[in-house]
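Visitor: Right, I'll just put the structure down here and ask away after.
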Amino acid sequence: MPIRVWDYLDEYRDNRDAILEAVDRVFRSGQLILGPQVRAFETEFATYCGVSHGIGVDNGTNALMLGLKALGVAPGSEVITVPNTAVPTVSAIVAAGGVPRFVDIDPDSYVMDVSLLADALTEKTACILPVHLFGQCVPMSALSPIAASRGIPVLEDCSQSHGATHDGRTCGSMSDLAAFSLYPTKVLGAYGDGGIVVTNRDDLDAGMRRLRFYGMDSGDRGTGQAQAYGAVEHGYNSRLDEVQAAILLVKLAHLDTDIARRQAIARRYEQALGATSLVLPRTLPGNTHVYYLYVCRHPERDRILSEMARRDVLLNVSYPTPIHLMPAYQEYGYREGDFPESERAAREIFSLPMYPSLTEAQQDAVCRALGEVLAEDVWI
Ligand SMILES: Cc1ncc(COP(=O)(O)O)c(C=O)c1O
């Protein structure tokens, strides 16, 4: 059996009874949409993040897109983010009517280089969208004062960093509004698509609830019944499923244990690979890292990937092409050389298998194979 970069089958085997029981409870409840499971998950996840409101949505892309709309991003206004992120960070900006503007990354952590942010702001900047990438946060203690001094709202993309902290604050609690994907591979993942937005602001809570439910004020009082039919504003259908919420509640109960397992795997990789020529992940001062991905760097990345695949270890690259160089985003006028650190990372980074149920034997097999491919010593 090849070792894959992500797998959930062992986790499912361990939690099967609890998950099937949760799903059965939903099916027997008579309430399939916006019922008690979604409500409970919204409340528990918001509490986990240290904020007062959670609004379940259908995926992370729509969490971002609706979040930008709730923040009032008007057509043609600019939203600042980074070019080395998942495509949906940027497709959500465009879907909300915004114009993506990029700043380069810090080469050690791969997150936004906040020292470049002030120069990227213009009178058209309507929102700053930091991406907490690979499992650690953008240094928000440096970013937030820049945004606050200009009165620009901040929307965190937390899709890759559930539970990560910066200066003692949990990812999702450091801005006006924060969006999470709950896609199956994520640190907290559903068994299908899902997303959630969290906020401390009552106005954004109400706005998000309308936007995800056809622009209506009603239909979201835990009853699943629309109580008054009428759109207050133009809205969408972007609801989190009751079934997925029930599964997420099961998984949320052991999120911290899952994160601790990821951190233990990272420590083991570091012990084994610390003396090789691979550049291993670095955690920024003030951050805890939850290792959504274990991202290494090496100039011979492509050779390493193909030789590891021959040894049945399937590695992954997130992301091989920075967004500003993708055909879909050429209209924004960027070209090669504009973001040198993002472009270099795209050529050199790759991730090792990382998920809570990855066994020590699998971890050792990954490290041994890397030792062979690099022709260097590993410590197992
Ligand atoms: C950084 C980032 N933003 C947004 C998303 C979009 O999430 P989803 O796939 O749930 O729409 C993802 C996940 O793919 C992501 O990794």
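Rule-based calculations on the coordinates, nothing more; no lab input. The structure displayed is predicted, hence computed values, not measured ones. Here the Cβ positions follow ideal geometry from the backbone for every residue, glycine too, while neighbour counts run over all protein chains shown.
Visitor: If one puts a single equal scatterer on every Cα of the chain and applies the Debye formula without solvent, what log₁₀ I(q)/I(0) results at q = 0.09, 0.12 Å⁻¹?
Guide: Results for the chain at q = 0.09, 0.12 Å⁻¹ read -0.52, -0.92.
Visitor: Turning to a different aspect of this structure: Relative to the present Cα-Cα distance, how much length would full extension add between Leu280 and Thr43 at 0.36 nm per residue of separation?
Guide: 81.7 nm
Visitor: Among DSSP bridges having both ends in the chain, what percentage is antiparallel? Round to the nearest 5.
Guide: Beta bridges within the chain, antiparallel portion: roughly 65 percent.
Visitor: Separate question: Between segment 308-324 and segment 154-197, how far is it from one alpha carbon centroid to the other, in angstrom?
Guide: Taking the Cα centre of each part, segment 308-324 and segment 154-197 sit 23 Å apart.
Visitor: Further, regarding this structure: Note down the magnitude of the dipole of segment 260-310 about its Cα centre, charges +1 on Lys and Arg C-beta and -1 on Asp and Glu C-beta and zero elsewhere, to the nearest 20 debye.
Guide: 180
Visitor: Continuing with this model, one more query. State the three equivalent ellipsoid semi-axes of segment 255-374, derived from the C-alpha gyration tensor as the square roots of 5 times its eigenvalues, in descending order and whole Å.
Guide: 27, 18, 13
Visitor: Moving on to the next point. Just to be sure I understand: with springs between alpha-carbon atoms less than 10 Å apart, which residue in His254, His162, His289 has the highest mean-square fluctuation in the Gaussian network model of the chain?
Guide: Taking springs between Cα atoms under 10 Å, the residue moving most is His254.
Visitor: Once you list every other residue whose beta carbon is under 15 Å from the beta carbon of Arg301, what net charge do they have if Lys and Arg are +1 and Asp and Glu are -1?
Guide: Here the charged neighbours net out to -1.
Visitor: Restricting to DSSP H runs of at least four residues, report the calculated mean residue ellipticity at 222 nm for the chain, -39500 (n - 2.57) per run over all residues, nearest 500 deg cm²/dmol.
Guide: -12000 deg cm²/dmol
Visitor: With only Lys, Arg, Asp and Glu charged, each at its Cβ (+1 for the first two, -1 for the last two), find how big the charge dipole of segment 255-374 is about the Cα centre; round to the nearest 20 debye.
Guide: Roughly 240 debye for segment 255-374.
Visitor: Determine which lysines satisfy two conditions relative to Lys69: a Cα distance under 25 Å, and not lying fewer than 8 residues away in the same chain.
Guide: Partners within reach: Lys124, Lys186.
Visitor: Using 0.36 nm per residue of separation minus the Cα-Cα distance, give me the extension gain between Gln271 and Tyr12 in nm, one decimal.
Guide: Length gained between Gln271 and Tyr12: 90.4 nm.
Visitor: Could you give the DSSP H helices of the chain that reach 18 angstrom or more along their long axis (alpha carbon positions) and whose average Kyte-Doolittle hydropathy is no lower than 0.0?
Guide: 360-374
Visitor: Say the dipole of the chain comes from +1 at the beta carbon of Lys and Arg and -1 at that of Asp and Glu; which of Ala361, Phe102, Val373 then lies farthest toward its positive end?
Guide: Comparing the listed Cα positions along the dipole, Ala361 ranks first.
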